[in-house]
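S.K.: Here's a structure for you.
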């Protein structure tokens, strides 16, 4: 007997819906006031910071769009003034009208799960005042946090309206100007639209990054039945879809009336397998795969409706710089490295301990600076003597060749004598210059502190000019912290 895929979809949906629900009555766990206080402060700070960043980015995107259109308008006026008036009209008036519509817009917007969680949890705390016992100025803090979350939600809605405007405007200009020599201008327009959309998605990802205090508070709240009930009835998701709730709730009973229970679905499946004979199990597995495929398609559609990247249009021949939408500090890469040199007639065995900070220009190139401390270890294993052998200043550049291999280069200044006073460092002639070029291999790590290991083999092409001469081949092992 063939088992219908629709029946299996119903079975899987029922299984997913009932996972993680605890309907057993019990006492709420004690939510410490300190955790709640920190959660309110962190949520308020995060929402306020993101709201300011998103507002600034949206204004910058619109200003850039208007400048690009103004430039295209001037160019078209020199070709065909009549066409220029037809296509662009009064640009300032168009953008002023858009700004007015954005300020007056008060629609629901796309659903953002992390933002819904933040807002709904604050609303729950606002109504469940016993949880705020011991929190100073709790009511004022909650009001401020709710206002900031609400402002952030409006900014995301505003961003979606701007993305729609840019997408429609871009399509219109492409239809009007693509045959008139505006290919480069339209490409710039596409890039700005792409990066703005990417930046909005980046801010949505930042909302998911819960710090320790936020995770602890949400974990404690999620264990309480009142909070789970509140989320089912009052979250933004609940306003879009009726979520499974208390079976004794009349609203839930009405919404589930006529639907098969999980036990009934299980019974029907068992009966079908028993009546199907030897081939029923294989047929069942095949239908399960079909049902999973249908669920995955539904999940993809929900993801797209929830603010995915489906509205991004990659300009032809354009390779995006994924670092461009990140903040300055998120583009920094901190690292440390170790380098040892054998002794010679002038220097003992030395070990350089270096610290570096690199700035990611894009996904394939990094520029950075650093410093090193030179520690002497004596002449050999029989004559160990820890001494201070100087310091070094570094600059470097890495360019990705292929896979995990990078082309590395740098310029360094090394002071190889004991530092008796700061004045000795002012003597430029006492510093040795090094010019390095070579290859690096990056190995990914999964540790708490270090993210990657970098093994470098470098040639110091200025070593032959140094007095005393140092070794021309340099081998280093480095570790990136961020």
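The values are calculated or read from the model by the stated rules, or taken from the named source; none is laboratory data. Because the structure is a prediction, the values reported are computed rather than measured. We place every Cβ from the backbone using ideal geometry, glycine too, and count neighbours over all the protein chains shown.
S.K.: Would you be able to tell me the number of residues in the range 53-107 that are part of a loop (DSSP other than H, G, I, E, B) and closer than 17 Å to residue 163 by Cα?
M.R.: Qualifying residue count for the region: 3.
S.K.: With the structure loaded, tell me whether residue 141 is in the same structural domain as residue 42 (by TED's automatic domain parsing) and modelled with pLDDT of 90 or more or whether it fails that test.
M.R.: Here the answer is no, as residue 141 does not meet what is asked.
S.K.: Also, quick follow-up: Just for helices (runs of 4 or more DSSP H) wholly inside the range 162-275: which have at least 3 residues that are at pLDDT 75 or above?
M.R.: 183-208, 212-222, 225-234
S.K.: Still on this model: Given the options 403, 409, 368, name the one that is without any contact (Cβ under 8 Å) to a residue 60 or more places away in the chain and on the phi > 0 side of the Ramachandran plot.
M.R.: Going through 403, 409, 368 in turn, the sole match is 403.
S.K.: Among the candidates 355, 298, which residue alone is under 28 Å from the mean Cα position of the chain (by Cα) and modelled with pLDDT of 70 or more?
M.R.: From the options 355, 298, the qualifying one is 355.
S.K.: So, residue 209, is that one without any contact (Cβ under 8 Å) to a residue 24 or more places away in the chain and either closer than 21 Å to residue 103 by Cβ or surrounded by fewer than 17 Cβ atoms within 10 Å (Cβ to Cβ) (or both) or not?
M.R.: yes
S.K.: Now for a different question. Residue 51 fails exactly one of the following numbered conditions: (1) farther than 24 Å from residue 178 by Cα; (2) touching a helix residue (DSSP H, G or I) at 6+ places or on another chain (Cβ under 8 Å); (3) at pLDDT below 90. What is the number of that condition?
M.R.: (3)
S.K.: I'm trying to understand the selection: among the residues of the range 456-471, which are free of Cβ contacts under 8 Å to residues at least 60 places away in the same chain, surrounded by 14 or more Cβ atoms within 10 Å (Cβ to Cβ) and outside any strand (DSSP E or B)?
M.R.: Of everything in the range 456-471, those that are free of Cβ contacts under 8 Å to residues at least 60 places away in the same chain, surrounded by 14 or more Cβ atoms within 10 Å (Cβ to Cβ) and outside any strand (DSSP E or B) turn out to be 462, 463, 466.
S.K.: Kindly establish whether residue 41 is farther than 28 Å from residue 184 by Cβ and either modelled with pLDDT of 90 or more or surrounded by fewer than 12 Cβ atoms within 10 Å (Cβ to Cβ) (or both).
M.R.: In short, no.
This table checks each residue for (1) surrounded by 18 or more Cβ atoms within 10 Å (Cβ to Cβ); (2) in contact with a helix residue (DSSP H, G or I) (Cβ under 6 Å, 6 or more places away or on another chain); (3) under 13 Å from residue 115 (Cβ atoms).
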residue	(1), (2), (3)
150	no, no, yes
162	yes, yes, no
172	no, no, no
175	no, no, no
196	yes, yes, no
204	yes, no, yes
